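The values are calculated or read from the model by the stated rules, or taken from the named source; none is laboratory data. Everything numeric in this text was worked out from a predicted model, so none of it was measured. When we count neighbours, we look across all protein chains shown, and the Cβ atoms used for this are built from the backbone with ideal geometry, even at glycine. What goes into the accessible areas is simple: the full protein's heavy atoms, side chains included, and nothing from ligands, DNA or RNA. Shrake-Rupley method; radii C 1.70, N 1.55, O 1.52, S 1.80 Å.
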Amino acid sequence: MRKCLIYFFLLCAALMFAQSNKNVEDQLFKVNALTPGISYEIGLGQNTTLNFDALLGFALAGGTDRNTDFGLFPGLQADFRYFTNMERRKRKRKNITGNSGNYLSLTNQLLSGDPLIGNLDYDTSYFYNVAVLYGIQRTRPRGFYWGVSFGPALLNDEIGTDFGIWADVRLGWVLGKGQKK
(Lines give C-alpha, C1' and ligand atoms only; values in the text may rest on other atoms or scores of the structure.)
Protein backbone atom coordinates (compact mmCIF):
# COMPACT_ATOMS: atom_id res chain seq x y z
CA MET A 1 0.00 0.00 0.00
CA ARG A 2 2.80 2.39 0.89
CA LYS A 3 4.55 1.71 -2.44
CA CYS A 4 1.30 2.49 -4.31
CA LEU A 5 1.02 5.86 -2.58
CA ILE A 6 4.65 6.70 -3.36
CA TYR A 7 4.16 5.77 -7.04
CA PHE A 8 0.96 7.82 -7.18
CA PHE A 9 2.67 10.94 -5.81
CA LEU A 10 5.65 10.48 -8.13
CA LEU A 11 3.29 10.16 -11.10
CA CYS A 12 1.44 13.33 -10.05
CA ALA A 13 4.73 15.22 -9.67
CA ALA A 14 5.94 14.05 -13.08
CA LEU A 15 2.67 15.11 -14.70
CA MET A 16 2.81 18.46 -12.96
CA PHE A 17 6.32 19.33 -14.16
CA ALA A 18 6.22 17.62 -17.57
CA GLN A 19 3.30 19.59 -18.98
CA SER A 20 3.64 23.24 -19.93
CA ASN A 21 0.75 23.64 -22.38
CA LYS A 22 -2.24 22.87 -20.17
CA ASN A 23 -5.80 22.59 -21.42
CA VAL A 24 -7.11 22.81 -17.85
CA GLU A 25 -7.21 25.81 -15.55
CA ASP A 26 -4.35 26.32 -13.08
CA GLN A 27 -6.92 26.67 -10.32
CA LEU A 28 -10.67 27.03 -9.89
CA PHE A 29 -12.59 27.97 -6.76
CA LYS A 30 -16.24 26.88 -6.95
CA VAL A 31 -19.28 27.30 -4.72
CA ASN A 32 -21.79 24.46 -4.98
CA ALA A 33 -25.46 25.20 -4.46
CA LEU A 34 -27.23 21.87 -5.07
CA THR A 35 -24.86 19.90 -2.84
CA PRO A 36 -23.91 22.72 -0.44
CA GLY A 37 -20.17 23.14 -0.27
CA ILE A 38 -17.02 24.55 -1.80
CA SER A 39 -14.58 23.06 -4.32
CA TYR A 40 -11.00 23.84 -5.22
CA GLU A 41 -9.65 22.34 -8.45
CA ILE A 42 -5.92 22.45 -9.26
CA GLY A 43 -4.55 21.81 -12.74
CA LEU A 44 -1.73 19.25 -12.65
CA GLY A 45 -0.92 18.29 -16.20
CA GLN A 46 -2.17 19.04 -19.69
CA ASN A 47 -5.54 17.34 -19.07
CA THR A 48 -5.42 16.36 -15.37
CA THR A 49 -6.65 18.03 -12.21
CA LEU A 50 -7.03 17.36 -8.50
CA ASN A 51 -10.39 18.46 -7.10
CA PHE A 52 -11.02 18.94 -3.36
CA ASP A 53 -14.48 19.43 -1.84
CA ALA A 54 -15.86 20.31 1.56
CA LEU A 55 -19.54 19.45 1.36
CA LEU A 56 -22.79 18.65 3.09
CA GLY A 57 -24.24 15.34 1.93
CA PHE A 58 -28.02 14.96 2.01
CA ALA A 59 -29.69 11.69 3.02
CA LEU A 60 -33.38 10.80 3.22
CA ALA A 61 -34.83 7.60 4.65
CA GLY A 62 -38.48 6.67 4.90
CA GLY A 63 -41.19 4.46 3.56
CA THR A 64 -44.64 3.09 4.11
CA ASP A 65 -45.63 2.65 7.78
CA ARG A 66 -42.57 4.50 9.13
CA ASN A 67 -41.37 8.04 9.70
CA THR A 68 -39.37 9.87 7.05
CA ASP A 69 -36.06 11.10 8.42
CA PHE A 70 -33.41 13.31 6.82
CA GLY A 71 -29.92 14.54 7.57
CA LEU A 72 -27.17 16.84 6.31
CA PHE A 73 -23.82 15.13 6.85
CA PRO A 74 -20.49 17.01 6.67
CA GLY A 75 -17.85 15.48 4.44
CA LEU A 76 -14.62 15.81 2.48
CA GLN A 77 -13.98 14.60 -1.04
CA ALA A 78 -10.88 14.42 -3.25
CA ASP A 79 -10.69 13.24 -6.82
CA PHE A 80 -8.09 12.90 -9.55
CA ARG A 81 -9.61 13.83 -12.93
CA TYR A 82 -8.40 13.10 -16.44
CA PHE A 83 -10.25 15.18 -19.04
CA THR A 84 -10.75 13.02 -22.12
CA ASN A 85 -12.00 15.45 -24.78
CA MET A 86 -10.19 18.79 -24.36
CA GLU A 87 -8.26 18.63 -27.66
CA ARG A 88 -11.37 17.70 -29.60
CA ARG A 89 -13.34 20.54 -27.98
CA LYS A 90 -10.56 22.99 -28.93
CA ARG A 91 -10.54 21.73 -32.55
CA LYS A 92 -14.31 22.24 -32.74
CA ARG A 93 -13.88 25.72 -31.16
CA LYS A 94 -15.96 24.74 -28.14
CA ASN A 95 -15.49 26.29 -24.73
CA ILE A 96 -12.94 24.65 -22.39
CA THR A 97 -12.86 27.57 -19.93
CA GLY A 98 -13.50 26.46 -16.36
CA ASN A 99 -12.47 22.91 -17.26
CA SER A 100 -15.52 22.42 -19.47
CA GLY A 101 -15.07 18.86 -20.62
CA ASN A 102 -15.72 15.17 -20.01
CA TYR A 103 -13.53 13.31 -17.53
CA LEU A 104 -12.68 10.02 -15.88
CA SER A 105 -12.14 10.26 -12.15
CA LEU A 106 -10.91 8.31 -9.15
CA THR A 107 -12.90 9.74 -6.26
CA ASN A 108 -12.52 9.37 -2.47
CA GLN A 109 -15.15 10.64 -0.06
CA LEU A 110 -15.36 10.64 3.74
CA LEU A 111 -18.68 11.57 5.38
CA SER A 112 -19.56 11.81 9.05
CA GLY A 113 -22.22 9.40 10.32
CA ASP A 114 -23.68 12.10 12.58
CA PRO A 115 -25.87 14.74 10.92
CA LEU A 116 -25.32 18.46 11.47
CA ILE A 117 -29.01 19.05 10.78
CA GLY A 118 -31.80 16.50 10.82
CA ASN A 119 -32.93 13.45 12.72
CA LEU A 120 -31.54 10.61 10.58
CA ASP A 121 -29.35 8.44 12.82
CA TYR A 122 -26.96 5.79 11.51
CA ASP A 123 -25.24 3.05 13.47
CA THR A 124 -21.84 4.14 12.17
CA SER A 125 -19.69 7.19 12.82
CA TYR A 126 -18.34 7.51 9.25
CA PHE A 127 -18.83 6.54 5.61
CA TYR A 128 -15.84 6.13 3.29
CA ASN A 129 -16.59 5.79 -0.42
CA VAL A 130 -14.28 5.15 -3.40
CA ALA A 131 -15.55 5.35 -6.97
CA VAL A 132 -14.40 5.32 -10.57
CA LEU A 133 -16.55 7.92 -12.31
CA TYR A 134 -17.32 9.26 -15.75
CA GLY A 135 -18.26 12.93 -15.50
CA ILE A 136 -19.26 15.96 -17.51
CA GLN A 137 -18.48 19.49 -16.34
CA ARG A 138 -19.48 22.72 -18.11
CA THR A 139 -18.83 26.33 -17.14
CA ARG A 140 -20.76 29.19 -18.71
CA PRO A 141 -19.26 32.65 -19.48
CA ARG A 142 -20.66 34.32 -16.32
CA GLY A 143 -19.32 31.60 -14.03
CA PHE A 144 -22.38 29.36 -13.67
CA TYR A 145 -21.34 25.71 -13.84
CA TRP A 146 -22.98 22.32 -13.73
CA GLY A 147 -21.61 18.82 -13.48
CA VAL A 148 -22.84 15.24 -13.55
CA SER A 149 -20.84 12.13 -12.68
CA PHE A 150 -21.66 8.46 -12.19
CA GLY A 151 -19.97 5.10 -11.86
CA PRO A 152 -19.32 2.03 -9.72
CA ALA A 153 -18.43 2.63 -6.08
CA LEU A 154 -17.09 0.77 -3.08
CA LEU A 155 -18.98 1.89 0.05
CA ASN A 156 -17.40 1.30 3.45
CA ASP A 157 -18.36 2.02 7.06
CA GLU A 158 -17.84 0.46 10.49
CA ILE A 159 -20.42 -2.22 9.78
CA GLY A 160 -19.10 -3.49 6.46
CA THR A 161 -18.31 -2.95 2.81
CA ASP A 162 -20.72 -2.91 -0.10
CA PHE A 163 -20.77 -2.11 -3.81
CA GLY A 164 -23.08 0.43 -5.36
CA ILE A 165 -23.59 3.03 -8.05
CA TRP A 166 -22.43 6.60 -7.41
CA ALA A 167 -24.41 9.44 -8.96
CA ASP A 168 -23.60 13.10 -8.36
CA VAL A 169 -25.15 16.30 -9.73
CA ARG A 170 -23.56 19.72 -9.14
CA LEU A 171 -24.79 23.26 -9.76
CA GLY A 172 -22.90 26.35 -8.69
CA TRP A 173 -20.61 29.22 -9.56
CA VAL A 174 -16.93 29.55 -10.37
CA LEU A 175 -15.49 32.48 -8.43
CA GLY A 176 -12.82 34.59 -10.09
CA LYS A 177 -11.84 34.64 -13.72
CA GLY A 178 -10.93 31.62 -15.83
CA GLN A 179 -8.58 31.49 -18.77
CA LYS A 180 -9.71 32.98 -22.06
CA LYS A 181 -9.74 30.15 -24.62
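The table below lists the values:
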read-out: Strands (runs of 3 or more DSSP E) completely within segment 126-181 that count 2 or more residues being in contact with a helix residue (DSSP H, G or I) (Cβ under 9 Å, 6 or more places away or on another chain); value: none
read-out: Subset of segment 61-119 (residues that are out of contact with any helix residue (DSSP H, G or I) (no Cβ under 6 Å at 6 or more places or on another chain), under 22 Å from Y145 (Cα atoms) and aliphatic (A, V, I, L, M)); value: L76, A78, M86, L104, L106
read-out: Scan of segment 142-156 for residues that are touching a residue at least 12 places away in the same chain (Cβ under 8 Å) and either open to solvent by 30 Å² or more (accessible area, probe 1.4 Å) or among the β-branched types (V, I, T) (or both), ordered by number; value: F144, W146, V148, F150, P152, L154, L155, N156
read-out: Subset of segment 106-126 [in contact (Cβ under 8 Å) with a residue 40 or more places away in the chain, over 11 Å from the mean Cα position of the chain (by Cα) and open to solvent by less than 80 Å² (accessible area, probe 1.4 Å)]; value: L111, G113, P115, G118, L120
read-out: Single residue of G75, G98 found to be part of a loop (DSSP other than H, G, I, E, B), at pLDDT 90 or above and under 17 Å from the mean Cα position of the chain (by Cα); value: G98
read-out: Filter result for the condition that a residue is β-branched (V, I, T), at pLDDT 95 or above and either open to solvent by 90 Å² or more (accessible area, probe 1.4 Å) or under 16 Å from the mean Cα position of the chain (by Cα) (or both), over T48, T35; value: T48
read-out: Among (1) open to solvent by less than 80 Å² (accessible area, probe 1.4 Å); (2) touching a strand residue (DSSP E or B) at 6+ places or on another chain (Cβ under 6 Å); (3) farther than 20 Å from L34 by Cα; (4) not aliphatic (A, V, I, L, M) - the single one D69 does not satisfy; value: (3)
read-out: Segment 157-181 - residue that is basic (K, R) and open to solvent by 50 Å² or more (accessible area, probe 1.4 Å) and, of those, farthest from V24 (Cα to Cα); value: K177
